[in-house]
1. Sum up the charges of everything whose Cβ sits under 13 Å from the Cβ of residue 61, counting Lys and Arg as +1 and Asp and Glu as -1, but leave residue 61 out.
2. Just by accessible area at a 1.4 angstrom probe, what is the order of 82, 40, 103 from largest to smallest?
3. Please report, as a whole percent, how much of the solvent-accessible surface of the chain comes from carbon and sulfur atoms (probe radius 1.4 Å).
4. Leaving out ligands and nucleic acids, note down the accessible area per residue over the chain with a 1.4 angstrom probe, in whole Å².
5. So, counting K/R as plus one and D/E as minus one, what does the shell of residues with Cβ under 13 Å around residue 137 add up to?
Amino acid sequence: MSTVPSTPATAGLVLQPLHGLTPDIMAIERDAHRVPWPASVFGNSFGPRYRVMGLFVGDVLVGFTVAHVLHDEVMLMNIAVSPKYQGKGYGQLLMDDLIQFVSDENGHQKDKLFLEVREHNEAAIRLYLRNQFEEIGRRPGYYPPVTPGDERETAIVMHRPIK
């Protein structure tokens with residue numbers, strides 16, 4: 001467990017690893033994403049090559065990150081904040097935690113941080129651009145449609161060099 005650096009805005013916030021799928025995690029996933037991960041997919045993210053961190057306000061889980069760690073790279077697989085808690089900077093706190101992990105995980109710095117984002121997810125793209133991510137490619141038709149009958153959506157591939 002780690003306390004978020006204390007300021008008046010972050011008092012009482014705690015970041016800690018999550019070790020298994022819970023109803024709270026799935027509720028945030030369903031509420032925060034237009035096309036949420038199914039529990040079967042999410043459940044596979046709790047393994048030795050994954051880092052799943054939760055952000056708590058008191059005892060209430062308000063957001064999380066899921067990152068896949070491979071050698072010198074980290075892939076942000078999922079980041080979500082409960083809509084009830086959005087607009088308070090909690091997404092940025094989760095991003096700060098992940099960037100710190102990638103930058104100095106026990107002195108073993110990783111080289112790159114990658115992610116994919118739906119091309120129409122403007123709020124997420126703004127967060128990533130604020131955090132020095134750069135677009136490095138696109139994957140047309142990568143994401144399933146939000147509504148049946150819609151077109152598949154392009155993924156924007158982004159990275160943030162660490163060194």
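1. Values: positive: 84; negative: 24, 29, 31, 59.
It works out to a net charge of -3.
2. So, going from the largest accessible area down, we get 40, 103, 82.
3. 52
4. Values: 9120 Å² over 163 residues.
Value returned for the chain: 56 Å² of accessible area per residue.
5. Working: positive: 138, 139; negative: 116, 119, 134, 135.
Local charge sum for residue 137: -2.
The values are calculated or read from the model by the stated rules, or taken from the named source; none is laboratory data. It should be emphasised that the depicted structure is a prediction, and the values quoted were computed from it without experimental measurement. Every residue, glycine among them, receives a Cβ derived from its backbone with ideal geometry; neighbour counts consider all protein chains shown. These area figures cover heavy atoms from the full protein model, side chains too; ligands, DNA and RNA do not enter into them. Shrake-Rupley method; radii C 1.70, N 1.55, O 1.52, S 1.80 Å.
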